[in-house]
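Chemist: Just passing along the structure, written as structure tokens.
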Amino acid sequence: MRQRIESACRQAHRAPASVLLLAISKTVSAPSIRDAYFAGQRSFGENYVQEGVEKITELADLNLDWHFTGPLQSNKTRQVATHFGWVHAVDRLKIARRLADARDPGLPNLNLCIQVNLSGEPTKSGVSVGEVAALAHEVNSLPRLKLRGLTTIPEPTDDPALLRQRFAQLRRLLETLNTDGLCLDTLSMGMSSDLEAAILEGATIVRVGTAIFGSRTAADRAMQ
Ligand SMILES: *Cc1c(COP(=O)(O)O)cnc(C)c1O
């Protein structure tokens, strides 16, 4: 996996250290995460609150960096604010407010990314392009949170040009927000099948599951 990232970085004239490999460990057992840790992996992403908190508790002896990458319901914000260092898919001010209220001031600020629905498909989560700026400025003003950037999951497509276009769109959105006075450094985009295109367009975090841990079982997929 590191090799795929390094080769994409070479092609993009970027330093490999500018891309964080986030291992998406949903449905992966705690012992397998421990193995990945001993192989050098530090950052892990979980999509389900209860499953994630169980593994975080079980692996508390390791120095791991936990990201919550799933959709977040307001009744789960306290657990996420307590156990995770990052949240990747904020798409409502209400959720951000609840995370801010629940974050222990003794902990570092909780890192957040706003999820953007670039294709405008009504069934997908994420804010529309037109709503990003307002939400970003509001979230940025909340205490105990650190707005870091934007996340997207493009619509399923076999068209590499469309994928590139989506990733480029997210990068330009981030640039526009920074021109408007924000100071964002994170583009969370690219997964097992499309991380090269994402890196070419500036991804700083790639979220990779199956290409690290193997394919999830049908039962696991049904949970998602
Ligand atoms: C599952 C998941 C991933 C990883 O997907 P793979 O195709 O297995 O690499 C990345 N991001 C999110 C939000 C996910 O739910």
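The values are calculated or read from the model by the stated rules, or taken from the named source; none is laboratory data. Given the structure is predicted, the values throughout are model-derived calculations rather than measurements. Glycine also receives a Cβ, built like all others from the backbone with ideal geometry; neighbour counts cover every protein chain displayed. Ligands, DNA and RNA are stripped out before the accessible areas are found, and what is left, the full protein with its side chains, is counted by its heavy atoms. Shrake-Rupley method; radii C 1.70, N 1.55, O 1.52, S 1.80 Å.
Chemist: Would you work out which of 177, 123, 21 lies farthest towards the positive end of the dipole of the chain, given +1 charges on the beta-carbon of Lys and Arg and -1 on that of Asp and Glu, about the Cα centre?
Modeler: About the Cα centre, the residue reaching furthest to the positive side is 177.
Chemist: Pull out the extension gain between residue 175 and residue 161, defined as 0.36 nm times the separation in residues minus the alpha carbon to alpha carbon distance; nm, one decimal.
Modeler: Gain on extension, residue 175 to residue 161, equals 3.0 nm.
Chemist: Give the carbon-plus-sulfur fraction of the accessible surface of the chain in %, rounded to a whole number; probe 1.4 Å, heavy atoms of protein chains only.
Modeler: Here it works out to 50 percent.
Chemist: Which order do 121, 51, 58 take by accessible area at a 1.4 Å probe, largest first? Show your work: numbers first, answer last.
Modeler: Working: 121 60, 51 35, 58 115 Å².
Most to least solvent-accessible, the answer reads 58, 121, 51.
Chemist: Let me ask another. Calculate, for residue 124 and residue 50, the FRET efficiency according to 1/(1 + (r/R0)^6) with r their C-beta to C-beta distance and R0 30 Å; round to the nearest 0.05.
Modeler: The pair residue 124/residue 50 has a calculated efficiency of 0.80.
Chemist: Still on this model: Mind checking the full-extension length gain between residue 102 and residue 29? Use 0.36 nm per residue of separation minus the Cα-Cα distance, one decimal, nm.
Modeler: The span from residue 102 to residue 29 would gain 23.5 nm if fully extended.
Chemist: Counting only C-alpha contacts under 8 Å and six or more residues apart, can you give the relative contact order of the chain as a whole percent?
Modeler: Relative contact order, the chain: 19 percent.
Chemist: Taking every DSSP beta bridge that has both residues in region 1-103, what percent is antiparallel when rounded to the nearest 5? Provide the component values of the computation, followed by the final result.
Modeler: Values: 0 of 8 bridges.
Close to 0 percent.
Chemist: From the Cα gyration tensor of region 1-122, with a ≥ b ≥ c the square roots of its eigenvalues, which class applies: rounded if a/c is under 1.5, or else prolate if a/b is larger than b/c, or else oblate?
Modeler: It is oblate, given that a/c is not under 1.5 and a/b is not larger than b/c.
Chemist: Which whole-number value in Å² is the accessible area per residue of the chain, probe 1.4 Å? Don't skip to the end; give the middle numbers.
Modeler: Details: 10620 Å² over 224 residues.
So the chain comes to 47 Å² accessible per residue, rounded to a whole number.
Chemist: In addition: Computed over the Cα atoms, what is the radius of gyration of the chain divided by 2.2 N^0.38 Å, N being its residue count? Write down the numbers at each step before the final one.
Modeler: On the way: Rg = 16.7 Å, N = 224, 2.2 N^0.38 = 17.2 Å.
That ratio works out to 0.97.
Chemist: May I pose another question? Tell me the relative contact order for region 104-224 as a rounded percent, counting alpha carbon contacts under 8 Å between residues six or more apart.
Modeler: Here the relative contact order equals 21 percent.
Chemist: Treating only the Cβ atoms of Lys and Arg (+1) and Asp and Glu (-1) as charged, compute the dipole magnitude of region 4-54 about its Cα centre; round to the nearest 20 debye.
Modeler: The dipole magnitude comes to about 300 debye.
Chemist: Would you please name the trypsin sites (Lys or Arg not before Pro) within region 142-224 that are DSSP coil residues with at most 11 other C-beta atoms within 10 Å of their C-beta? Intermediate results must be reported in sequence, preceding the final value.
Modeler: Details: sites: 144, 146, 148, 164, 166, 171, 172, 207, 216, 221; in loops: 144, 216.
Here no loop site has a sparse enough neighbourhood.
Chemist: Please compute the contact order of region 33-120 in relative form: average sequence separation of alpha-carbon pairs under 8 Å and at least six residues apart, divided by the residue count, as a percent.
Modeler: Relative contact order here is 24 percent.
Chemist: Excluding same-chain residues fewer than 8 positions from residue 124, which aspartates and glutamates have a Cα within less than 13 Å of its Cα?
Modeler: Output for residue 124: 91, 155.
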